[in-house]
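What follows is a single structure, written as structure tokens, with notes after it.
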Amino acid sequence: MARVEIRNVGKIFGNYKAVDDVSLTIEDGEFVVLLGPSGCGKSTLLRMVAGLELPTFGDIVIGETVATRLRPKDRNIAMVFQNYALYPHLTLYENIAFPLRVAGRRGDEVDKKVRWAAGLVGIEHLLARKPRQTSGGERQRTALARSLVRDPALFLLDEPLSNLDAKLRHSARDELRTFQERVGMTALYVTHDQVEAMGLGDRVVVMQGGRVRQVGTPEEIYLYP
Ligand code: ADP
Ligand code: ADP
């Protein structure tokens, strides 16, 4: 697992400051939630940590290394998006196995890993199905399992529950919390949902207009009406 340090990072698109001088440390094993309204710069910050976007200024340090020198595929990061991006023609098993196959892992190792990850998210009994034969929540768990098999040092989650209906979102949030306690994931989790942020975060970072407005435990955060 890894510690992440975001040092005075900014991103300017044209002459618009999407992210403005953000500093933030995510400790090893800590689950940090970025909370803020649409357009406040959350995804841009997440994408810079992932290496999908270059900071205009500032540094991001992952473990011991300044991340600007790390290619995305060398960052050992798992990203989970709101649209799960599962391959429709592959079974859940093959979807989860995919990153391992790409990495050239042996069949028995792949099998062990896939079953371990599927067990953690409770979908062992569904592995032979195609995504269209499963519910939204099961697809979301499959995407999480797929992100787990590579033992990522860091999880980046961008509104992963926002496509689920209210009831499913509630149970998925509880599952994620339980799972997080079991695995001890280091994570940066983006949401505009206050309830989600307060329920999931070890710490919550409130962003507004590209800047950090508050940082604290859920108990410490004051939410403006
Ligand atoms: P959030 O995730 O909080 O909704 P984003 O990080 O996606 O916010 O976007 C922050 C701001 O930066 C928005 O005003 C958005 O329109 C702008 N933005 C994001 N990506 C780009 C881009 N590639 N080019 C220009 N503007 C962008
Ligand atoms: P949700 O209301 O959460 O979207 P669904 O009603 O789609 O759930 O599915 C309920 C259960 O039925 C799930 O466990 C799902 O895996 C199973 N299921 C849904 N569609 C199929 C299918 N075509 N073949 C087999 N099982 C299915």
- Leaving ligands, DNA and RNA out of it, report the carbon-plus-sulfur percent of the accessible area of the chain at a 1.4 Å probe. 49 percent
- Message: What's the ranking of 208-214, 166-172 by average number of surrounding C-beta atoms within 10 Å, highest first?
- Response: 208-214, 166-172
- Message: Based on C-alpha coordinates, I'd like the Rg and Dmax of region 3-79, in Å.
- Response: 12.0, 36
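Counting Lys and Arg as +1 and Asp and Glu as -1, each charge on the Cβ, what is the dipole of the chain about the Cα centre in debye, to the nearest 20?
820 debye
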- Kirkwood radius from Cα pairs of the chain plugged into Stokes-Einstein at 20 °C, 1.002 mPa s, gives D in µm²/s equal to 119 µm²/s
- Item | Positive-end extreme of charge dipole, the chain - chosen from Val33, Asn95, Ala197 (charges on Cβ) | Asn95
- Ordering of 180-186, 217-223 by burial proxy (mean other Cβ atoms within 10 Å per residue, highest first): 180-186, 217-223
- Query: Straight-line reach from Lys113: which aspartates and glutamates have Cα under 19 Å away, leaving out those fewer than 8 places along the same chain?
  - Reply: Glu94, Glu124, Glu138, Asp151
- Note on the structure: Percent antiparallel among DSSP beta bridges confined to the chain, rounded to 5, stands at 55 percent
- Item | Cα-Cα pairs of region 103-175 separated by more than 15 Å (percent) | 58 percent
- Query: For the chain, what is the accessible area per residue in Å², given a 1.4 Å probe and the full set of protein chains?
  - Reply: 49 Å²
- Note on the structure: Counting only DSSP loop positions in region 1-86, the GluC sites (Glu not before Pro) whose Cβ has at most 15 other Cβ atoms within 10 Å are Glu27, Glu64
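The values are calculated or read from the model by the stated rules, or taken from the named source; none is laboratory data. If you're wondering where the values come from, they're calculated on a predicted model, not measured in any experiment. Quick reminder, even Gly has a Cβ in these numbers, built from the backbone with ideal geometry, and neighbours come from all protein chains shown. To get the accessible areas, we keep the full protein, side chains included, count just its heavy atoms, and leave off ligands, DNA and RNA. Shrake-Rupley method; radii C 1.70, N 1.55, O 1.52, S 1.80 Å.
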